[in-house]
Amino acid sequence: MLKRLPIRWLLATALLFAGGCATPKTPEAVPLSQTEVDQFLASGRDARTYGITIYPGASGTRFEFANRPRSERRKRLDFTGPRSSRRPVVKGQSAITADFPILLDTSSRQSWATLAAAKGLEYRTFAPPEGEYADHVAAPIPGYAGVGNKLIFDKLHVESPVYYVAPAAGGLGALARAAERPGLPPALAAKREKAAGQLPLVLGNETLRNFAYVRFEFPARAVELSSTRAYQPTDAAAVVANLPMLDWRGRPAVQATLVGEPLLLVLDTAGDFDLVLPGATPAGNRAELALGARATAEVEVAAAADFGLPADFPARLGLGVLADYAVTFDYKNRRVWFEEYALASAAESAAEPDVQPPAPVRYPGVKR
């Protein structure tokens, strides 16, 4: 059991400036005492102080004038972390830190951060408290909403990012592990557990949906964030599915068919599985999934309980399928594109114009 620490000590020593956000030694979250929770919330200020308006809704709390990407910017980021993991973990920073790892999780409606990272993220909680439990994983401790200064990906900045922070020592627990595949070899499981323990931030869909598009190039282990325009594929022949982006409680979802029956799928960029279904374990562990006329696959089907996931969440499609494609969430036009990456990348290379050397500049009246 991790020893409880006073809240002032946690916040004062939360940031290691030389290495970015401080990282906990364990991924498990250990709740603070009631006194420490009250102290954590006592510093809160009205969201309107920061120019943010809070709207409750059927899809969960919405924060207007928050999570704003700088316009006319585009940035391609390489995945980091164990190469054996397909999860999209990238590096970002705040205005006062060096780079730190961030998990991009489209199944998470909100963004979640550790208490140890709060100072580095310049997090300030809202008052009255705006708290909730994560519903895409089984998390025993709620988080409270607050605003940071900015989240930085090189020249692409996200202004006033909203984070949920649990009043707990330690790491993000299930939020950091994000449904890792059970039965991994011990050495591989230990490596992933270590990476999960070093993860201070999960960036959810409430932030990602403010980009024009987010393109996960899974085969190339990279992601492109763009605030410039709606997405347009380079080669139509590479597109295997172009589906309307539906919404399930603030997450991107698509309509698919499983063994010929319609099925709503939440797209989970952090889940290490093919397909999980709510309820009991299915009778057969493999079935035919169709995302469109060209995107069909035989998938391994599991129950949510097999991965420690909530049973009341709808079906979700994980990295066992998504990682075979370049998957683009076109938030501007509410579409989801699945492309064969080899074809798409070849078309992009062919479309790049030849770079001609600049013509020499003539300076009249100058002798050599």
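Some observations on this one:
- Listed by position, the strands (runs of 3 or more DSSP E) contained in segment 161-229 that have at least 2 residues being more than 15 Å from the chain's Cα centre (by Cα) are 168-170.
- Candidate set from segment 230-254 (those that are in a strand (DSSP E or B) and aliphatic (A, V, I, L, M)); member that is surrounded by the most Cβ atoms within 10 Å (Cβ to Cβ): A253
- Restricting attention to segment 307-331, the residues being assigned to a loop (DSSP other than H, G, I, E, B), under 20 Å from T257 (Cβ atoms) and not charged (D, E, K, R) number 5.
- Test: residue in segment 85-104 that is over 21 Å from the mean Cα position of the chain (by Cα), surrounded by fewer than 24 Cβ atoms within 10 Å (Cβ to Cβ) and touching a residue at least 24 places away in the same chain (Cβ under 8 Å): yes
- Test result for E36, in a loop (DSSP other than H, G, I, E, B), acidic (D, E) and touching a residue at least 40 places away in the same chain (Cβ under 8 Å): no
Where a number appears in this text, it was derived from the coordinates with a stated rule and is not lab data. As the structure is a computational prediction, the values presented were derived from the model and not from experiment. FYI the Cβ positions are ideal-geometry reconstructions off the backbone, even for glycines, and counts take in every protein chain you see.
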